[in-house]
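The values are calculated or read from the model by the stated rules, or taken from the named source; none is laboratory data. From a predicted model like this one, the values you see are computed outputs, not experimental measurements. A quick note on method: Cβ atoms are made from the backbone with ideal geometry, for glycine too, and the neighbour counts reach across all protein chains shown. These area figures cover heavy atoms from the full protein model, side chains too; ligands, DNA and RNA do not enter into them. Shrake-Rupley method; radii C 1.70, N 1.55, O 1.52, S 1.80 Å.
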Amino acid sequence: EPVGEQSLEDVSTADMPCFIVLASDGLWDVMSNQEAVDMVVQVVRKYDPDHGISWEDGGAFQEAAQLLTEEAYVRGSTDNIGVCVVAIV
């Protein structure tokens, strides 16, 4: 899949913050753009402001980056794995 082209299949973006996943080949060698986006969305949705937990403090993005890193390792990536998930506000 060409760089910069990704879809957000079946993702409601009504309350979803914009974000960018910056990562080394260690992630992209074993995971598609869509899989990475889906994992970040899943983590961010756990942070529900109606229950006093907000994604705005950055914890959701830190957690998503950690999970993406771990998933790349579990999938057998043999390259350096560096992941940063950045909120665009």
Practice problem: Within the set of other residues whose C-beta is less than 13 Å from the C-beta of Ile81, count the net charge using Lys and Arg as +1 and Asp and Glu as -1. | Solution: -4
Exercise. Could you pull out every residue, at least 5 positions away or on a different chain, whose amide H is within less than 5 Å of the one on Gly82? Hs are placed 1.01 Å off N in the peptide plane, and Pro or chain starts have none.
Key: Ser24, Gly26, Leu27
Quiz item: So what does Ser24 come to for accessible area, using a 1.4 Å probe and Å² rounded to 10?
Solution: 40
Quiz prompt | Area accessible to solvent at Arg75, 1.4 Å probe radius, in Å² | solution = 90
